[in-house]
Amino acid sequence: MNFFDVLQGITMKPAINSLNLCRNAIKHNGQFPSKSDIEKHRVNVGQFFVYHSKEFFDIDFTSVSLIDLVSFTQTHSFLVDAQKCLEKNKFYECLVECSKAFDCLLREYNSSKFYRFKNIFEIGEECDKSYERFVNAAAIDNSFGRHNRWFEKTSKTINNVRHIQQLMLMGVDCNRYVLFNAVTPEFHYWPEEDKYDIYPQQDYMENIVYMTKDTCEMCMSFIIDTALKFQNLDFDVSKFLKKEG
């Protein structure tokens, strides 16, 4: 409340003082406000920020977004695109942009975590499809297809476990990630062409996911929270490990 005595031009002191008294009643006396009081304070606070954001910072308060706090350049760009899609109620397109944003966030965060050509968050080596040559060469009957499928399932399982462990090491909330992963489309990124192949398509997604504003906001919130956590804990491995001579 001292700001009202210090800053010239700040207004709505009675409304904010009423909010402060309500806060004190909760904090010190355990007295919770009624629904009508909560709504009154919500409206007053909204008006307070709308007016003073314009008056002091020449900013439209309704345009302020937590997205602006994300410093990862490409991730920020995808989140802006997702927000634009959400504002137009293009929920599938919004979820596509969210999927791109999270993948991009991991790549941007990991860009400074390589040492000896390897990401320091990596656990073991990624399983590729070299097992196919081994199985085919060792097969003595027509069962090599079955053996290939067994190795393929095992490799995919190991890679998925490895991926989750990487996320856990980076501090990603894996419960929220599992939900995020369930409601967003998958894609394959072709870095040479900077191109994405998205699947499944919208018609199929609409049959399995409630594509709503709440779903989109949940996904965007997860990405923003993860990005801010990364920014708070970010480091460049080259500052701690010497380059190989």
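The values are calculated or read from the model by the stated rules, or taken from the named source; none is laboratory data. The structure presented is a predicted model; accordingly, all values stated were derived computationally and were not measured. Neighbour counts run over all protein chains shown; Cβ positions are idealised from the backbone, glycine included. Remember, those area values only see protein heavy atoms, side chains included, never the ligands or the DNA or RNA. Shrake-Rupley method; radii C 1.70, N 1.55, O 1.52, S 1.80 Å.
Size descriptor for the chain, Kirkwood hydrodynamic radius: 22.5 Å (Cα pairs only, one decimal). Estimated from the Cβ-Cβ distance and a Förster radius of 22 angstrom, the FRET efficiency linking residue 190 and residue 152 is about 0.50. Computed from Cα positions, the angle between helix 91-110 and the longest principal axis of the chain comes to roughly 70 degrees.
On the basis of the beta-carbon distance and an R0 of 30 Å, residue 168 and residue 133 show a calculated FRET efficiency of 0.35.
Only helices enter the 222 nm calculation for the chain: every DSSP H run of n ≥ 4 contributes -39,500 (n - 2.57), and dividing by all residues gives -20500 deg cm²/dmol, rounded to 500.
Leaving out ligands, DNA and RNA, and with a 1.4 Å probe, what % of the accessible surface on the range 176-245 is carbon or sulfur?
Ligands and nucleic acids excluded, carbon and sulfur reach 51 percent.
Under 30 Å of direct C-alpha separation, and excluding same-chain neighbours fewer than eight residues apart, residue 27 reaches these lysines: 13, 35, 40, 229. Of 68, 197, the residue with the largest accessible area leads and the full order is 68, 197 (1.4 Å probe). Among 66, 38, 111, pick out the residue whose Cα is farthest towards the positive end of the charge dipole of the range 13-144, where Lys and Arg carry +1 and Asp and Glu carry -1 on C-beta, about the Cα centre. Highest projection toward the positive end goes to 38. Ordered from highest to lowest accessible area with the whole protein assembly present and a 1.4 Å probe, 157, 184 read as 157, 184.
Would you mind getting me the FRET efficiency between residue 161 and residue 63? Use the beta-carbon distance for r and R0 = 35 Å, nearest 0.05.
Taking R0 as 35 Å, the efficiency between residue 161 and residue 63 is 0.25.
Residues in the chain average 69 Å² of solvent-accessible surface per residue, probe 1.4 Å, ligands and nucleic acids excluded.
Assign unit charges at the C-beta atoms only (+1 for Lys and Arg, -1 for Asp and Glu), then state the dipole size of the chain relative to its Cα centre in Debye, rounded to the nearest 20.
The dipole of the chain has a size of about 760 debye.
The alpha carbon centroids of the range 44-77 and the range 85-104 are separated by 21 Å. Classified by the C-alpha gyration tensor, the range 200-245 has an oblate form. Its axis ratio a/c, with a ≥ b ≥ c, is 1.5 or above, and a/b does not exceed b/c. Between the helical axis of 174-183 and the dominant principal axis of the chain, each derived from Cα atoms, what acute angle in degrees is found, rounded to the nearest 10? With both axes taken from Cα atoms, the answer is about 80 degrees. Amide H contacts under 5 Å for residue 59: 54, restricted to partners 5 or more places along the chain or on a different chain, H placed in the peptide plane at 1.01 Å from N. For the pair residue 15 and residue 202, the difference between a 0.36 nm per residue extended length and the Cα-Cα distance amounts to 62.6 nm. Helix 144-170 axis versus longest C-alpha principal axis of the chain: approximately 30°, rounded to the nearest ten.
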